[in-house]
Amino acid sequence: MDYMTPKEAGALWGITERRVQDLCARGKVEGAQRIGSRIWLIPKGISKPIDGRTKAAKQQKGEI
């Protein structure tokens, strides 16, 4: 399986590398694996997780 770094995922998804790392740490990125204490590997082809702060996410959760 091919993987990408948080920096590559951030550029692809239009968010910062740090935000990608945070999403991985919270378990929001499906299939992300932590190697060592600071390195994340994210499967290529995975879509960006829905931002829980948006209206679309709240509608998906049934809060609206």
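The values are calculated or read from the model by the stated rules, or taken from the named source; none is laboratory data. Quick caveat, the model's predicted, so the values are computed rather than measured. For neighbour counting, all protein chains shown are included, and Cβ atoms are generated from backbone atoms with ideal geometry for every residue, glycine included. Heads up: the accessible areas ignore ligands, DNA and RNA and are worked out on the full protein's heavy atoms, side chains in. Shrake-Rupley method; radii C 1.70, N 1.55, O 1.52, S 1.80 Å.
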(request) Give me the accessible area per residue for the chain, probe 1.4 Å, as a whole number in Å². (result) 75
(message) Can you order the peptides 48-54, 38-44 by their average number of other Cβ atoms within 10 Å per residue, highest first?
(response) 38-44, 48-54
(request) Determine, at each q value in 0.26 (inverse angstroms), the log₁₀ of I(q)/I(0) that the Debye formula gives when each Cα of the chain is one equal point scatterer. (result) -1.10
(message) Please compute the modelled spin-label separation between K48 and E8, points set 7 Å along Cα→Cβ, answer in nm with one decimal.
(response) 1.8
(message) With a 1.4 Å probe and all protein chains left in place, how much of the accessible area of the range 24-64 comes from carbon and sulfur atoms, in whole percent?
(response) 47
